[in-house]
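Below: one structure, written as structure tokens.
The values are calculated or read from the model by the stated rules, or taken from the named source; none is laboratory data. Quantities reported herein were computed from a predicted structural model and do not represent experimental measurements. FYI the Cβ positions are ideal-geometry reconstructions off the backbone, even for glycines, and counts take in every protein chain you see. Only protein heavy atoms, including side chains, enter the accessible area calculation; ligands, DNA and RNA are left aside. Shrake-Rupley method; radii C 1.70, N 1.55, O 1.52, S 1.80 Å.
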Amino acid sequence: MYHKEKSIQIKSSASALYNNLSVLRIAPRCLTYFTVVHANVVNMVSASWDGLNYSHRQLQSKEGNVATSSSLIMQ
């Protein structure tokens, strides 16, 4: 059943792409990782299950715009 939890904001916006949100729950460490892509930047947020502690990370591609790159293979 759906229930609303505390909101967690990312530092930049997310591109309007299909399946652009990845969520990974790691039970032993009580952490959840959220990842979204915007242009050539991957935004990651790790959050504790109680929602009180979280940290942001941004990874930037060395290539130009990943969304228009010819090396990106979509399956």
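In region 31-45, is there at least one residue being open to solvent by 60 Å² or more (accessible area, probe 1.4 Å), more than 11 Å from the chain's Cα centre (by Cα) and farther than 21 Å from residue 62 by Cα?
no
Of the residues that sit in region 8-24 and are out of contact with any helix residue (DSSP H, G or I) (no Cβ under 9 Å at 6 or more places or on another chain) and over 17 Å from residue 57 (Cα atoms), which one is most open to solvent (accessible area, probe 1.4 Å)? Full working, then the answer.
Applying the first criterion (out of contact with any helix residue (DSSP H, G or I) (no Cβ under 9 Å at 6 or more places or on another chain)) to region 8-24 yields 8-14, 16, 18-24.
In the following step, the residues that additionally are over 17 Å from residue 57 (Cα atoms) were identified as 16, 18-19.
Values: 16: 110, 18: 213, 19: 149 Å².
My answer is 18.
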